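Okay, structure first, notes after.
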Amino acid sequence: VDADPPLHKLNQAVKDGVKSPKKGEAVVYWMRMCDMRISDNTALSMASEKAKSDKVPLVVVFLFSPQDYIAHDRGARRIDFVIRNLNSLKDALSKLNIPLHTITHDVRKTLPQAIISLLTDLSSTSLYANIEYEVDEMRRDMKVCALAKEKGIKATFVHDKCVIEPGLILNKEKKAYAVYSPYQRNWLATLHDKQDEYLHERPYPEANDAKVKDNKKFSALFDSEIPKGITGFELDAEDAKTMEKVWPAGEDIASQMLDRFLHTKSRSSQMGAVSPLAEGAEKSDKASRLLKYGQERDNANRDTTSRLSPYLAAGVISARACIRATLTMQKSKKVDGGKETGIGRWVQEVAWRDFYANILVSFPRVSMGRPYIEKYAAVVWENHQEEGAGGGGYSDDDPDPVGQGTDGEMLKRWKDGTTGVPIVDAGMRCIKEMGWLHNRFRMIVAMFLTKDLMMDWRVGERYFMQNLIDGDLASNNGGWQWSASTGVDPAPYFRIFNPYIQSKKADPSGEFIRRFVPELSKLRGDEIHDPPASVADKLGYPQPIVKHHEVKDRALRRFKNPGEK
Ligand code: FAD
């Protein structure tokens, strides 16, 4: 599959499309779940330009595709976030007299026909969209190009998600980098070379003529209702309330969050802070979290990072806007991507996002259940399903290795945060409650699943996608394969995190554990990280499901000799 990365094919299909279509009666911008904003949006901006030159209205379309959400392990929280952002976008677009039309299309395979028939109904000959880099999505868009060509429609798919488009940063052999550091150096040099081109803000779309609202063809589109929910992705009322409070929707919110990260020590509670954790910080003097990011970001118990990932994953803010904002904080006009400053370190994190998108595009097999390091396909994993549902370990040729069976006891306890290892439990309960987790804690819980419990990284990858509000295939897959030592530039298999040592480093005072594991809230000092058995018993907290020093050797053995038990 890697020999035939679909991005080249999609680019070719766009090129091979209709060259100069006849002027239609509308231009359509197809919004996806990764570009949910009006400002600084490449395809929307191009569509607006085209509509202006053709003197026709611009229409925005969003297609819900539940079968795709199932196939990609999309969770109810992520779909709810899409719906909430659409509601905010509808208002903003309406002020520009631009209709936002939503369609729910149940059959995944016929989605290309659905979008083309909408264009035909609107007598539109121009379609614009930003590229989604997932393999299935690119294949779908190739079909759209082919169908569009038959109908005389020009379909244009453009890069937008990353600061520098995937497929562009190559090593001396003209191949994709599989190691981050040289990729990042090249990324920064390339960015410096053409900084204005990569970072310039895409023009805001122009308003449609107000008369479009009276035109029969378009007025119905203004009335199109955004669904309240999608069947199969219902969020329970309590969870919906939390998500709305902690992760409010909309472009303005995302900009405010960026601004607060740049200029203050924490998100305010009006912003629906992931707080309790941030409460202490809120009282202290104003200071920039960005400037201190280098020293403080690994203090995972506090509000030290931007928490912009849900907004970046859904494209509510552009990665370009994030990097541009760093320029206003520094004296030099060149983007700082070095290790010496907080700004530089943060820019490097945004570059990780580009790096993993680049990996997805260059080595598509990683997102199709394959490890990047092929020899680790043979690593024997413990069965994660109930006894009798498959036996111990399974073959890598299994088309759905994660399986749909009932979770076994170990997996269930990992998901529920009842492993008896406080830092792991706090992390997993934070995901359950907030739909988000600091990067360091993600690494700890992922390492625990794959090395201490010796369970397949794909099981964890799926659970994260289903429960995180920032679920993003490229970054999630990258993070999981890093933790499982199977990916590009991974944690070497012999460097297994000791969760108790990690706990002391990332949550030295234990406040994160106390917040999410209330059974342990009275413990102080080192006990919170590894409560003695008698203390844990008294508090009704479980004993560890595995002993780290005993199971560590199992992981070392199985990675050293893939295939052996
Ligand atoms: P900041 O530290 O403020 O960083 C700014 C932005 O840079 C982030 O919002 C994010 O877009 C990007 N970024 C930062 N670190 C990484 C990284 N390691 N990889 C890729 N991008 C990064 N991130 C997701 O957006 N979606 C996921 O589904 C996801 N799954 C993960 C799974 C695992 C097992 C691991 C270890 C990491 C995963 N990450 C994922 C990466 C990272 O944990 C989150 O992006 C980060 O915690 C978000 O917090 P923040 O916005 O405060 O980040």
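Across region 341-374, the qualifying residues are those that are more than 10 Å from the ligand (Cβ to nearest atom) and over 19 Å from residue 177 (Cα atoms), and the one among them that is farthest from the chain's Cα centre (by Cα) is 341. Has region 475-485 got at least one residue that is hydrophobic (A, V, I, L, M, F, W, C), buried (at least 24 other Cβ atoms within 10 Å of the Cβ), under 17 Å from the mean Cα position of the chain (by Cα) and closer than 30 Å to residue 166 by Cα? Checked region 475-485: at least one residue is hydrophobic (A, V, I, L, M, F, W, C), buried (at least 24 other Cβ atoms within 10 Å of the Cβ), under 17 Å from the mean Cα position of the chain (by Cα) and closer than 30 Å to residue 166 by Cα. Looking only at region 117-145, which residues are more than 17 Å from the chain's Cα centre (by Cα), assigned to a loop (DSSP other than H, G, I, E, B) and among the aliphatic types (A, V, I, L, M)? Result: 122, single match.
Applying the condition of being under 15 Å from residue 441 (Cβ atoms) and of a type in the set (Lys, Arg) to region 479-519 and asking which residue is farthest from the ligand (Cβ to nearest atom) yields 514. Being assigned to a loop (DSSP other than H, G, I, E, B) and under 26 Å from the mean Cα position of the chain (by Cα) is the filter here, so list the residues in region 188-204 that pass it. Within region 188-204, 200, 201, 202, 203, 204 meet the criteria.
The set of residues in region 289-313 being under 21 Å from the mean Cα position of the chain (by Cα) and either away from the ligand (no atom under 11 Å from the Cβ) or of a type in the set (Lys, Arg) (or both) consists of 297, 307. For residue 316, the conditions (1) within 12 Å of the ligand (Cβ to nearest atom); (2) in a helix (DSSP H, G or I) are fulfilled apart from (2).
Can you pull out the residues in region 398-444 that are away from the ligand (no atom under 16 Å from the Cβ), aliphatic (A, V, I, L, M) and buried (at least 24 other Cβ atoms within 10 Å of the Cβ)? Within region 398-444, 421 is the sole residue that qualifies. Of all positions in region 214-228, at least one carries a residue that is touching a strand residue (DSSP E or B) at 6+ places or on another chain (Cβ under 6 Å) and assigned to a helix (DSSP H, G or I).
The selection criterion, being among the aromatic types (Phe, Trp, Tyr), within 16 Å of the ligand (Cβ to nearest atom) and in contact (Cβ under 8 Å) with a residue 40 or more places away in the chain, does not hold for residue 559. Within region 36-46, does at least one residue satisfy the condition of being surrounded by 17 or more Cβ atoms within 10 Å (Cβ to Cβ), part of a loop (DSSP other than H, G, I, E, B) and among the hydroxyl-bearing types (Ser, Thr, Tyr)? There is at least one residue in region 36-46 that is surrounded by 17 or more Cβ atoms within 10 Å (Cβ to Cβ), part of a loop (DSSP other than H, G, I, E, B) and among the hydroxyl-bearing types (Ser, Thr, Tyr). It is to be established whether one or more residues within region 15-31 are surrounded by fewer than 20 Cβ atoms within 10 Å (Cβ to Cβ), of a type outside the set (A, V, I, L, M, F, W, C) and part of a helix (DSSP H, G or I). Yes, region 15-31 contains at least one residue that is surrounded by fewer than 20 Cβ atoms within 10 Å (Cβ to Cβ), of a type outside the set (A, V, I, L, M, F, W, C) and part of a helix (DSSP H, G or I). The criterion of at least 3 residues that are surrounded by fewer than 20 Cβ atoms within 10 Å (Cβ to Cβ) is met, among helices (runs of 4 or more DSSP H) falling completely within region 493-553, by 499-506, 533-539.
Within region 47-63, the residues that satisfy the criterion of being in a strand (DSSP E or B) and either β-branched (Val, Ile, Thr) or surrounded by fewer than 21 Cβ atoms within 10 Å (Cβ to Cβ) (or both) are 59, 60, 61, 63. Only one of these is more than 12 Å from the ligand (Cβ to nearest atom) and either more than 19 Å from residue 377 (Cβ to Cβ) or free of Cβ contacts under 8 Å to residues at least 12 places away in the same chain (or both): 452, 472. Name it. After applying the criteria, what remains is 452. Within region 41-49, the presence of a residue that is out of contact with any Ser or Thr (no Cβ under 9 Å at 6 or more places or on another chain), farther than 24 Å from residue 316 by Cβ and among the hydroxyl-bearing types (Ser, Thr, Tyr) is excluded.
We did not get these values from a lab; they are worked out from the coordinates using the rules stated. What you see is a predicted model; the values in this text were computed from it and never measured. Note: ideal-geometry Cβ built from the backbone for every residue, glycine included; neighbour counts use all protein chains shown.
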